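The values are calculated or read from the model by the stated rules, or taken from the named source; none is laboratory data. Since the model is a prediction, treat every value here as computed from it, not as a measurement. Don't worry about glycine lacking a Cβ; one is built from the backbone with ideal geometry, like all the others, and counts go over all protein chains shown.
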Amino acid sequence: MKLSPKASTIYARIKGENTKLGDLRTIAKEIKKDHALAMELWSTGEFFPRQLAILIMDAKQLSQEVIDQLDQDMQAHGQDEKLQLMDWLLANQLSKDKKTIALMESWENSSSALQRRTFWYYQGRLRWVGQTPPPNTEYLLSNIEKGIEGEQPEVQWAMNFTAAQIGIFQPEFRSRCISLGERVGLYKDDIVPRGCTPDYLPELIAIQVAKLKK
């Protein structure tokens, strides 16, 4: 792996074990947008350089073909890192441009589990912030009810997240989301650390709705 002098300097700054997300954001603010540099850092195959790469990418250059390659590259990481990279890409790039939003909205039946997960996580995020939800809730909930049990675990989590946000922010669907959780039983038996919110839909919805009422 041969990096340009600029990429080598940046790489050296973030290679230590003590690197934090705040450090990456600080460096990204210095660089601003530099897609070529982002691709160099991405080529290292390492987690922190790839996180920084995502921050300085140009969303307008993220075609489906480019995203497919990034997706394939992420498969070399462990599960936690892989999901963090894709979520980071969603939050910092894919959700910032109309073209990439349209791509995400086309991924419901993608052959890539990461892209299917991103489709559902994005739909959940649209409701998570409490804004007026898009008019596709009935469609989404019907497909979650039909498909969640047969999905990959990482996709199940995102579908469950979306159902939770629907149940929290759209009272007219709340009982249906709770019934879904009771029927499927996903995460029901998880041991939840003190101070953390469970993912089991009936409990998660009840806790968050109670917080909203305070």
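Screening the candidates Leu62, Leu90, Leu103 for the property of being touching a residue at least 12 places away in the same chain (Cβ under 8 Å), in contact with a Leu (Cβ under 8 Å, 6 or more places away or on another chain) and within 19 Å of Leu52 (Cα to Cα) yields one hit, Leu62. Taking (1) surrounded by fewer than 20 Cβ atoms within 10 Å (Cβ to Cβ); (2) modelled with pLDDT of 95 or more; (3) over 22 Å from the mean Cα position of the chain (by Cα) in turn, Glu40 satisfies each apart from (1). Just one of the numbered conditions (1) over 15 Å from Ala158 (Cβ atoms); (2) assigned to a helix (DSSP H, G or I) is not true of Leu89: (1). Scanning the stretch 178-200 for residues that are closer than 28 Å to Leu89 by Cα, part of a helix (DSSP H, G or I) and of a type outside the set (Ser, Thr, Tyr) turns up nothing. Can you find even one residue in the stretch 9-27 that is farther than 21 Å from Ser106 by Cα, in contact with a helix residue (DSSP H, G or I) (Cβ under 9 Å, 6 or more places away or on another chain), outside any loop (DSSP other than H, G, I, E, B) and hydroxyl-bearing (Ser, Thr, Tyr)? Looking for residues that are farther than 21 Å from Ser106 by Cα, in contact with a helix residue (DSSP H, G or I) (Cβ under 9 Å, 6 or more places away or on another chain), outside any loop (DSSP other than H, G, I, E, B) and hydroxyl-bearing (Ser, Thr, Tyr), one finds at least one in the stretch 9-27, hence yes. From the list Gly181, Gly185, Gly150, which residue is closer than 28 Å to Gln75 by Cα, more than 19 Å from the chain's Cα centre (by Cα) and either outside the structural domain of Ser63 (by TED's automatic domain parsing) or not hydrophobic (A, V, I, L, M, F, W, C) (or both)? Result: Gly150 is the single residue among Gly181, Gly185, Gly150 that is closer than 28 Å to Gln75 by Cα, more than 19 Å from the chain's Cα centre (by Cα) and either outside the structural domain of Ser63 (by TED's automatic domain parsing) or not hydrophobic (A, V, I, L, M, F, W, C) (or both). The sole residue among Gln131, Gln123 that is at pLDDT below 95, of a type outside the set (Val, Ile, Thr) and either outside any helix (DSSP H, G or I) or assigned by TED's automatic domain parsing to the domain that holds Phe173 (or both) is Gln131.
Against the definition (crowded, with 20+ Cβ neighbours inside 10 Å and outside the structural domain of Leu180 (by TED's automatic domain parsing)), how does Glu30 come out, yes or no? No.
Could you list, in sequence order, all residues of the stretch 107-120 that are free of Cβ contacts under 8 Å to residues at least 40 places away in the same chain, outside any helix (DSSP H, G or I) and not acidic (Asp, Glu)? Listed by number, the residues that qualify are Trp107, Asn109, Ser110, Ser111.
The single condition from (1) without any contact (Cβ under 8 Å) to a residue 12 or more places away in the chain; (2) of a type outside the set (A, V, I, L, M); (3) surrounded by fewer than 11 Cβ atoms within 10 Å (Cβ to Cβ) that Pro134 fails is (3).
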